[in-house]
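Below: the structure, in structure tokens.
Read-outs: derived from the displayed coordinates by stated rules, not from any lab. The structure displayed is predicted, hence computed values, not measured ones. Cβ coordinates were reconstructed from backbone atoms using ideal geometry, including for glycine residues, and neighbour counts include every protein chain displayed.
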Amino acid sequence: MGIDLNESKKKEYRNIVARKVFFLAICLIILIVTTIVSCSVGTGYEFSKTAQVIWDHIIGVTYPVRSPDWWADYYIFNNVMPGVIMALIAGAGLALAGAVMQSMMENPLADAYTTGISSGACLGAVVAIIMGYSYSTVVSGAGIVINAFIGSLIPAVIVILMVRYVGNSPATIILIGTALTFFFNSMVTLVMITSSAESLQEAYIWQVGSVTNASWADMPLMLMMCVASAVLVQLSSNKLNIMALGEKSAKSLGLDVVQFRMLCIILTSVLIASIISFTGIIGFIGLVAPHITRFLVGGDNRFVIPGSMIMGSTVLVLADLASRMLVSYGNIPLGVVMSFIGAPIFLYLIVRRKSDKEVFRWQGKRITRAWCAKNGSS
Amino acid sequence: MRLVIDGIEFGYSSVPVLKDITLDSNGPQLLSIIGPNGVGKSTLIHCINRILSPNKGTVFIDGDNVNDVSLKDLAKRVGYVPYSANDTFPLSVVDTVLMGRHPHATYKSLDKDLDIVYDTLRLLDIEDLALRNFNELSAGQHQKVMLARGLVQEPEILLLDEPTSNLDIKHQMEVTRILRDLSQEKNILIIMISHDLNIAAKYSDTMIMLHGGYIYAIGTPSEVLTKENIKAVYDVESEVIESYGRPHLIMLDHEFDGRDTSLPPGTYASKDKRVD
Amino acid sequence: MAGKEDYKSVVRKKWLFIVLCAVLIMVALVLSLSIGMYDISFFDCYRVLIEHITGNITDPYEDDIIWYTRLPISVFAVIVGAVLSLGGSVMQTMLRNPLADPYTMGVSSGALLGASLAIILGESVLPFFNDQWAKIVMAFMFSLIPVSVILLFSIKRKVTPTKVILIGIAMMYIFSAIVQLIMITSSEETLAEIYSWRVGTLALTTWETIPIPLAISIVCGILLMSHHRRINVMMAGTKSAHSMGVDPNRTLIIETALVSLMTAAVVSFTGTIGFVGLVGPHIARLFVGSETKHLIPASAVFGGLFLLLANCIARVSGEYGLPVGVISAIIGCPLFIFILIKMRRKSAWS
């Protein structure tokens, strides 16, 4: 009798798991469809044609040069797709980092920029731009990217080093991160104030976050980091689940909390750095995508990790689509669109949690501060 | 001071917590409210000093409807000692307790306020902590400071939300004893929420047992703390013995009591390391 | 009574600090006149001041620099620093959050939006003001929108502290997104102008621009100080404050409105100078403790001193001098980090 009871409970559990996997698969399909739709909008090709072109390209069909098909292929693949694919990868990576940070910091309002990485990257990129690098040439563009990357790692290193002396708790990390964000933002302000008007503009545009300068050459690094991180994180998803229970419980379940947290910080730092060096600071995705995912599939990281990635990609691809559709009103970069989309969603999330006073009052303010600092309105 | 609670009902959106509470209490005494978790003890207290507004029913203090009195006047009559203290910024003990003088303070009353604060600190035997930082104190000292803050309000009614929950047995007894003595010396109706039934029974004059949103039992500790009531409200088997005129609760566990609970041979824990 | 005397002597020491800062401000004010691009020695400054006051001007050139350029700037630096720091201390105390500052209710993003609109539109909504005043008026009007929304809400229905903060944050996000849009689609010069407004500068101060913010600040400051007990009790938490006779919702809204008004008055002239409002109260707290009656004046005098000194440094940095907002950020930041580390050890903050 007892065995039967267990069997039926196990079956119920397996059903739930199957349903979640199925749901994720559907989301993945939606993502792919959305991507193709995005590619087709603005190019003048309809959906089926675009899908056809992409499929043909993937399986290696070539066209006679300068035929209409060739133009289609060329246009879609060289002008439209890099941006869309970059949005896709960036969305996945940022959402992944955000999900990891939230579990690791035991703080539902943490996002990937909490440790000050974004400000560091800003500084690196702005310095490069002021010094004369620009996206006009490939080498120059690479210069900006490299500088941004190095810049983003400085706060990460500082956090890791300081944690040894000042303590490892999430509160400390957030505090140090906030302080670093303030500091690097001030440095960025100093640099921008003392520069000419045109470099200022280019620096500002970089900061806001866009994918317009994407090219296929940028993809390998981002993709590699994303995939590697995704695999590592998925394998550790159980550990993440345990971390979310709180430090003492995690320790008593055998998890080396300090070491794991360190690894997570390093991983997310490198992941984020490799993304925002190319795209600039795109906000809200790392915060909002995991929450929406959790709302749909529950809090188990085994599903939240892949789910967040898919959700993040979808949202960012849609945002990119919107930004391209608004081209007639002026060149509105992806980051700005995300601000308009992300802010209401973020607010809704806070409102839903308002009964959880402790979460909001303490951590919400801090994260909001960090966001403000990031946007320089301190 | 007369506290009359007339048919209070309270619920959070659709969940009813207090269903029909009526109480008439006259004169200074130590009154403890007991009951299982979530039954509405804190809610009831919050209805008395208007932190929460009941859906139905009224609270009268000395004949005045609590809702008709201004918040400041209410604070002159009803003091409140919370369960936990806020400690974001460093504040000295005197400053913390001085806050409690707010309902009475005017811009030239500082001297008189300080006298009252120091008197109260001396009464609770924490005068030497006066200029210490509130954050650096132990739990027992915290509790006394919070109590002082409530007392300097010179209230007729003092509400305490689990004042002894994180104290050791010495401090539990000390604080509860002080509450009892204060109620008589200072003429205050002290209402205390407690989870420790024995300490409450030892010192309280009246006990109220809440259950299912109603007052299940009210009376002297001996009347309220009975085997039957404990079983009905907490679903716990017990035996009640008498100690100096007060009931003392002994909890029983029928499955465990009387069982042979001897450990396997060789199991021990001792102060010294054995070398055999 | 022995204990009481101890307490009173501690209080006297606190007032000593406050008076000391005030004195330092006086000294620094005069000293600051000699700092700047053109070299004028301290005694010469003093002489020029006296001459101007007695009406016996010998060197109109020096007189112009000292009396019409440097003195108003220094005076305004003290006023702005005091206002921001005072506002910050009230916000931190009421919200029980060490990261709060006077901009928390959306004042900064509102002001930025107003100024940006004025810059790109080239004129203000009200047609009577010229270019410079257009920015000021627009910034002021827009910075008060979040607070007005909160006030309106509070009339119609009960607004808890949480909702207040939520509305503030919502407005902040909306405004920031709009400003971002403006900045992105504007020309280079416009962007540079908006950006430098945002950083905050005192360089445009003249005697004409001081009276209005000064008057508003004095009124609000006095009102806030007279409410010091109410604000102080808010530190105890919502329930405890309520039980001590303070309505937490009403108090939060009223005091926030006062702080926002005062901050708006000042910020519309200078731009959003950062860090003073955040760091000033913390440092004041290190010397006088958290009791509001002492913290408010201490924050004010320390903030004034801080910004005055920052402005002196700003005047002599870089080729043409830097905006004071940059200097306050550069000094303020490490200070802030230092305070954070110190606070962690002191209070129960994890």
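In table form, for the structure just shown:
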| read-out | value |
| --- | --- |
| Fewest-first ranking of B:80, B:107, using other Cβ atoms within 10 Å as the exposure measure | B:107, B:80 |
| Where chymotrypsin sites (Phe, Trp or Tyr not before Pro) fall in DSSP loop in region C:52-128, at most 12 other Cβ within 10 Å | C:128 |
| Averaged over C:157-165, number of beta-carbon atoms from partner chains that fall within 10 Å | 2 |
| Within a Gaussian network of chain C (alpha carbon springs, distance under 10 Å), most fluctuating of C:16, C:202, C:31 | C:16 |
| Gyration tensor verdict on region C:2-346 (Cα atoms; rounded if a/c is under 1.5, prolate if a/b is larger than b/c, oblate otherwise) | oblate |
| Centroid-to-centroid separation of region C:61-104 and region A:169-191 [C-alpha atoms, Å] | 23 |
| For region C:2-346: relative contact order, % (alpha-carbon pairs under 8 angstrom, 6 or more apart) | 29 |
| Cα shape, the protein assembly as shown, gyration tensor, a/c 1.5 rule | oblate |
| Cβ neighbours within 10 Å from other chains - mean over C:210-219 | 0 |
| GluC sites (Glu not before Pro) lying in DSSP loop within region A:185-262, provided at most 16 other Cβ fall within 10 Å | none |
| Candidates A:246, A:141, A:330: whichever shows maximal mean-square fluctuation once chain A is modelled as a Gaussian network with Cα springs under 10 Å | A:330 |
| Cα centre as origin, Lys/Arg/Asp/Glu Cβ charges: the protein assembly as shown dipole, Debye | 780 |
| For C:188-196, mean number of other protein chain Cβ atoms within 10 Å | 5 |
| DSSP H segments from chain A that extend 30 Å or more along their own axis, Cα-based, with Kyte-Doolittle mean of -1.0 or above | A:2-40, A:81-104, A:138-166, A:170-193, A:257-279, A:301-325 |
| C-alpha center-to-center spacing [region B:78-106, region C:227-265] in angstrom | 15 |
| Whole-Å distance, taken between Cα centres, linking region B:157-183 and region A:275-316 | 50 |
| For chain A, built as a Gaussian network whose Cα springs stay under 10 Å, the top-fluctuating residue of A:283, A:177, A:298 | A:298 |
| Whether region A:2-374 is rounded, prolate or oblate, judged on the alpha carbon gyration tensor where a/c under 1.5 counts as rounded | oblate |
| Percentage relative contact order, chain A, counting C-alpha pairs under 8 Å, at least six apart | 27 |
| Order of A:226, A:27 - criterion: other Cβ atoms within 10 Å of each residue's Cβ, fewest first | A:27, A:226 |
| Computed [θ] at 222 nm, deg cm²/dmol, chain B (DSSP H ≥ 4; -39,500 (n - 2.57); rounded to nearest 500) | -9000 deg cm²/dmol |
| Chain C: DSSP helices with Cα axial extent of at least 20 Å and average Kyte-Doolittle hydropathy no lower than -1.0 | C:2-32, C:71-95, C:107-121, C:161-184, C:211-226, C:248-270, C:292-316, C:324-346 |
| Highest to lowest packing among C:217-227, B:46-56, scored as the average C-beta count within 10 Å | B:46-56, C:217-227 |
| Ranked list, fewest to most other Cβ atoms within 10 Å of each Cβ, for C:186, A:252 | A:252, C:186 |
